[in-house]
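Visitor: Input: one structure, supplied below.
The values are calculated or read from the model by the stated rules, or taken from the named source; none is laboratory data. Quantities reported herein were computed from a predicted structural model and do not represent experimental measurements. Methodologically, a virtual Cβ is constructed for each residue, glycine included, from the backbone with ideal geometry; neighbour enumeration extends over all protein chains shown.
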Amino acid sequence: MGSHPAHGPVHGPVDPDVTPDDVRTSELDHALVRDRLDVLGVIAAGGAVGAAARYVAGELWPHAADGVPWATLAVNVIGSFLLGLLMFYVTDVWPPRRYVRPFLGVGVLGGFTTFSTHALETRALLAHGQVGIALAYLVGTLVLAVAAVVAGALVGRAVARTGRSGS
């Protein structure tokens, strides 16, 4: 077991690219975390919900190792759409609420979407020699996810506009 210059004993592997300046914390840093423990708890709860939903989607829609991971593609696009919709409402329609964005945006949708799995599945497709599918999946997911964020915000705007004019 080694020792870290700023934090003392180190348990487990240490990234050689990390320097003490990268991880040095101040009393202000600790106070910021203490003052937001409730928000961290809300994020964790939302993340558990989102990750469980993503797990269920993967179980219901499995894929072959050399095939398109449709569940991950769908989860990332749907989650991106919902994030665009949510962010429109959080920033432009709803009054400020301490827990809405952390719970739904960071927690639920952050736990639901999975771009790290997207990267791993792209790598697996390449390892199975599926270069064309891997590239289509890599680029297609990113294009569709960005388009879904924009679409979510536009749908939110259209619904909010209709709601205002219909009142």
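Residues are listed down the side, and each one gets a yes or a no for (1) polar (S, T, N, Q); (2) exposed (fewer than 15 other Cβ atoms within 10 Å of the Cβ); (3) over 24 Å from Val42 (Cβ atoms):
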position: Val56; (1), (2), (3): no, yes, no
position: Val75; (1), (2), (3): no, no, no
position: Leu82; (1), (2), (3): no, no, no
position: Thr113; (1), (2), (3): yes, no, no
position: Ala136; (1), (2), (3): no, yes, yes
position: Leu142; (1), (2), (3): no, yes, yes
position: Ala147; (1), (2), (3): no, yes, yes
position: Arg164; (1), (2), (3): no, yes, yes
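Visitor: Moving on. Considering only residues that are surrounded by 10 or more Cβ atoms within 10 Å (Cβ to Cβ) and of a type in the set (A, V, I, L, M), which ones fall in the range 19-49?
Guide: Val23, Ala31, Leu32, Val33, Val39, Leu40, Val42, Ile43, Ala44, Ala45, Ala48, Val49
Visitor: Being among the charged types (D, E, K, R) and either in contact with a Pro (Cβ under 6 Å, 6 or more places away or on another chain) or part of a helix (DSSP H, G or I) (or both) is the filter; apply it to the range 87-103 and report the residue that is surrounded by the fewest Cβ atoms within 10 Å (Cβ to Cβ).
Guide: That would be Asp92.
Visitor: For the range 20-58, how many residues meet the condition of being β-branched (Val, Ile, Thr), at pLDDT 75 or above and within 30 Å of His118 (Cα to Cα)?
Guide: 5
Visitor: Cβ-Cβ below 6 Å, separation at least six or inter-chain, first residue in the range 37-52 and in contact (Cβ under 8 Å) with a residue 12 or more places away in the chain, second surrounded by fewer than 18 Cβ atoms within 10 Å (Cβ to Cβ) and outside any helix (DSSP H, G or I): which pairs?
Guide: Going by the 6 Å Cβ cut-off, the qualifying pairs are Val42/Tyr99.
Visitor: Okay, moving on. Mind checking whether some residue in the range 94-111 is farther than 24 Å from Val39 by Cα and hydrophobic (A, V, I, L, M, F, W, C)?
Guide: no
Visitor: I would also like to ask the following. Does the range 56-68 hold any residues that are closer than 17 Å to Thr141 by Cβ and either in contact with a Phe, Trp or Tyr (Cβ under 7 Å, 6 or more places away or on another chain) or without any contact (Cβ under 8 Å) to a residue 24 or more places away in the chain (or both), and which are they?
Guide: Ala57, Gly58, Trp61, His63, Val68
Visitor: Next question, about the same structure. Here is a list of conditions, (1) within 20 Å of Ala148 (Cα to Cα); (2) part of a helix (DSSP H, G or I); (3) at pLDDT below 95, and Val68 meets all of them except one; can you say which number that is?
Guide: So Val68 meets the others, but not (2).
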